[in-house]
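Here the structure is laid out as structure tokens; the discussion comes afterwards.
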Amino acid sequence: MKKNLLSYIAYLAAVLPIGGVGGGLLTSCSNDFLDENLTTKYSTQYFDTQEGLEALTVSLYGNIRWWFGYEWAYATTLYGTDEFTNANDLTSEPWNTYDNRFSPLNATPALGAANKNCPAVDAVWNQLYYGIASCNTIIAKADIIGDEAVRNRCLAHAYFLRGYNYYRLTAQYGRPVLQLMPAEGVVRNFTQATEEQAWAQVISDLRQAYNLFAGEEFTYGGGITWTKATAAHFLAKALLFRASERCNGFNAATKEADLREAVDVCSYAIGARTLAPNYSDLYANWTGIDCEAEQLSEILMAAGFNNSSVTQGRFGNRTYNYFGPQFGAGFGGGWTRRGVWIGEMDFQRCRPTEYTYGVYDHVNDARLWKTFKTVYGVNAVVDDSKGVALGDPGAIMILNSKNDHTYDAYTFGAYTQGPTFTDDAGRLPEWKKEARQTPTSGELTSKTGQWVPSASVLYQNGRYVAPDFKSTNVCNFFAGINKCTDGTRQSEKGDAYRDVPMARLAETYLVRAECYVRLGEYDKAKADIDVIRTRAQWKQGENRSYYVDGSKAFELSNALYKSDASNATMYENSNLWMNTYYLSNPDQPVTTDASNLTNWTWESLPAEDEAILTELGVSGQLERAVNFILNERSRELIGEWQRWETLSRTMTLVARAKAFNPEAAAGVQDRHVYRPIPQTFIDGLKNEDGSDLTDAQKAAWQNPGY
């Protein structure tokens with residue numbers, strides 16, 4: 001099903017006029033049109049037919065794929081928050097540091113950017129309006145469609161994407177232009193909406209979509225089709241946004257009703273869909289294109305990708321680049337070489353903060369160990385003098401806790417720093433002596449005294465020392481997350497082929513929980529949170545030292561594995577399918593027992609949460625509860641392209657960035673809960689009489705402080 005949809009993306013990209021679709025927008029459609037001959041481009045008159053409008057409707061799926069084609073994927077959603085900071089690669093640094101390069105102007109090398117790839121401030125603005133233009137055409141002409149079911153389906157999709165795109169525009173910029181009709185010719189005179197008007201429009205569009213979608217009918221493309229539950233999820237998020245702190249200037253009259261409605265639509269989605277049984281099922285157990293992990297009921301919205309060259313468009317899926325440390329020639333000294341057999345690249349864009357590691361219960365929360373990659377194998381260098389062979393651990397990250405003093409006396413570091421692994425008395429660490437990790441052994445290596453080329457630890461003597469381990473100016477040695485790893489790429493720098501989930505049911509539970517908290521219904525909120533935390537627990541019989549990620553797809557579905565023995569060997573040496581759970585929790589006995597994450601109360605939150613709330617100076621029941629949910633969102637949704645908007649919504653961005661992101665702390669200010677309106681857009685505006693805007697008029701368009 002999905003393969004047919006994505007094949008049609010290429011078809012529509014060729015046959016639909018670019019201006020009609022909205023300027024370079026990738027597109028897609030249903031199986032009914034797969035037999036059409038690719039002959040010529042249609043004129044805009046095609047959209048005066050039922051067939052043309054339905055084709056345009058399905059093309060809307062292409063608009064969301066753009067998000068994941070380049071650096072803006074993480075820069076606009078993850079940088080400058082409490083969860084991620086930049087590593088030594090400084091491509092998108094202004095988005096993280098909020099320095100004077102982050103302005104209404106697009107950052108270029110001439111204006112201080114590290115390179116030409118720094119995401120432009122106007123990129124999101126421009127692309128979202130392309131999708132809105134297509135939606136406006138469908139909505140304006142829907143009466144052409146005689147079949148009521150088809151008409152409702154087209155309208156549901158159009159209202160949904162328009163509402164979704166305006167959601168993102170309003171969350172990012174605050175005061176967008178509400179263009180609700182197809183534009184005639186070149187328009188350069190617009191009225192800027194207030195944030196109150198913008199959220200009212202977002203909610204109206206998403207309500208329309210929610211009412212028009214025919215339940216969980218997978219109309220187009222199997223599991224990536226938008227349904228009533230998709231609309232419910234985003235309608236709830238929009239209602240919660242309007243009921244949250246950033247909108248306190250105008251939401252007093254609507255707040256309670258918004259929260260009640262959000263609870264209702266969340267309840268629909270929760271009743272219509274199901275959670276994946278195991279957290280690993282969502283990301284770690286990705287085995288190849290269109291695999292079971294991409295068809296899970298939990299996934300409410302995803303940007304669809306596959307390995308067809310005709311569907312990639314200008315921007316394919318680049319997300320596998322962003323979360324890996326520089327395990328190659330950087331800190332690894334060449335011992336672990338990158339390649340197609342490792343499902344990630346070591347572009348070291350997103351480095352986890354101390355908060356990100358510390359927000360988890362390292363012993364009982366399986367999500368930490370099912371998400372973070374902590375072991376890379378030696379695949380390129382053999383050193384008999386040190387007893388290092390291919391397939392041995394080449395780089396390890398020990399994620400210990402602040403109160404752990406096991407490693408206080410040891411010297412760790414990147415390869416270039418010549419690590420030693422003895423304490424002050426010259427003794428070998430206990431953790432280096434026995435067999436590789438198995439269900440009954442927590443050790444890392446079978447060779448007594450084995451030298452590991454690169455190793456790091458989070459804490460020594462109660463101090464956070466992880467950033468000290470580097471082979472460059474800024475730390476490039478860290479544990480990255482695996483939610484984008486893809487072992488089906490056909491070249492080292494080729495695009496990834498896996499879908500990118502954009503919404504899932506676990507977040508719906510957390511949205512409903514936050515609504516309950518804001519309504520004062522704390523017992524109901526705890527019940528929803530505990531559904532998520534119960535899944536996050538270790539299951540009975542699970543091997544806590546086992547690790548897997550999407551690199552596994554190389555062995556299971558990549559032809560290079562079977563056709564090239566050297567590739568297969570590199571894969572087997574690179575991916576050792578182990579983590580550092582027992583090294584990171586040295587006092588824990590080896591066990592396969594279940595764990596428990598539900599033994600908390602609102603008065604006595606888990607220890608890791610109490611420590612974070614103390615650092616933030618949080619007090620009061622509501623503030624404590626909202627911040628606990630923000631922590632839970634980190635644990636569940638880490639790296640899932642929404643953290644900046646969540647912190648902006650709750651007006652916690654500045655406090656959390658200052659507390660937990662050292663690179664952002666000096667620059668982040670209150671104005672940064674909004675992005676600057678792109679100067680390229682403002683400079684192109686005209687007055688109704690065709691005259692240029694005055695400097696005062698341009699300043700009025702801009703968000704305060706920029």
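The values are calculated or read from the model by the stated rules, or taken from the named source; none is laboratory data. Treat the numbers as computed from the prediction; the structure is a model and nothing was measured. We place every Cβ from the backbone using ideal geometry, glycine too, and count neighbours over all the protein chains shown. Accessible surface areas use protein heavy atoms only, side chains included; no ligands, DNA or RNA. Shrake-Rupley method; radii C 1.70, N 1.55, O 1.52, S 1.80 Å.
Worth pointing out:
- Test result for Tyr561, touching a Phe, Trp or Tyr at 6+ places or on another chain (Cβ under 6 Å), more than 30 Å from Asp258 (Cβ to Cβ) and open to solvent by 20 Å² or more (accessible area, probe 1.4 Å): yes
- Residue satisfying all of: in the range 357-391; of a type outside the set (Gly, Ala, Ser) and in a helix (DSSP H, G or I); farthest from Leu630 (Cα to Cα) among these: Asp384
- Selection within the range 68-94: residues that are of a type in the set (Phe, Trp, Tyr) and open to solvent by less than 10 Å² (accessible area, probe 1.4 Å). The member of this set that is nearest to the chain's Cα centre (by Cα) is Tyr74.
- When residues of the range 65-87 are limited to those that are in contact with a strand residue (DSSP E or B) (Cβ under 9 Å, 6 or more places away or on another chain) and assigned to a loop (DSSP other than H, G, I, E, B), the one modelled with the lowest pLDDT: Gly69
- Some residue of the range 174-193 being at pLDDT 95 or above, in a helix (DSSP H, G or I) and either more than 18 Å from Glu54 (Cα to Cα) or open to solvent by 60 Å² or more (accessible area, probe 1.4 Å) (or both): no
- Glu632 fulfils the conditions (1) open to solvent by less than 10 Å² (accessible area, probe 1.4 Å); (2) of a type in the set (D, E, K, R); (3) part of a loop (DSSP other than H, G, I, E, B) except for a single criterion, (3).
- Scanning the range 462-493 for residues that are touching a His at 6+ places or on another chain (Cβ under 9 Å) and free of Cβ contacts under 8 Å to residues at least 12 places away in the same chain yields nothing.
- Pick from the range 209-227, criterion outside any loop (DSSP other than H, G, I, E, B) and buried (at least 24 other Cβ atoms within 10 Å of the Cβ), ranking: nearest to the chain's Cα centre (by Cα): Ile224
- Qualifying residue in the range 272-283 (condition: within 18 Å of Pro501 (Cβ to Cβ), in a loop (DSSP other than H, G, I, E, B) and under 17 Å from the mean Cα position of the chain (by Cα)): yes
- Failed item in (1) within 14 Å of Ala209 (Cα to Cα); (2) touching a Lys or Arg at 6+ places or on another chain (Cβ under 8 Å), with Ile270 passing the rest: (1)
- Among the candidates Val381, Val359, Val363, the residue that is open to solvent by less than 10 Å² (accessible area, probe 1.4 Å) and not small (Gly, Ala, Ser) is uniquely Val359.
- Close Cβ contacts (under 7 Å, 6 or more residues apart or on different chains) running from residues in the range 607-627 that are under 13 Å from Thr650 (Cα atoms) to residues that are charged (D, E, K, R) and exposed (fewer than 12 other Cβ atoms within 10 Å of the Cβ) are absent.
- Under the condition of being acidic (Asp, Glu), surrounded by fewer than 17 Cβ atoms within 10 Å (Cβ to Cβ) and assigned to a loop (DSSP other than H, G, I, E, B), the residues counted in the range 517-549 number 1.
- Residue within the range 77-95 that is touching a residue at least 60 places away in the same chain (Cβ under 8 Å), within 22 Å of Ile224 (Cα to Cα) and not basic (Lys, Arg) present: yes
- Criterion violated by Arg675 - all others in (1) among the basic types (Lys, Arg); (2) buried (at least 21 other Cβ atoms within 10 Å of the Cβ); (3) assigned to a helix (DSSP H, G or I) satisfied: (3)
- Of the candidates Ile299, Ile270, Ile289, Ile342, the single residue that is buried (at least 24 other Cβ atoms within 10 Å of the Cβ), touching a residue at least 12 places away in the same chain (Cβ under 8 Å), on the phi < 0 side of the Ramachandran plot and touching a helix residue (DSSP H, G or I) at 6+ places or on another chain (Cβ under 9 Å) is Ile342.
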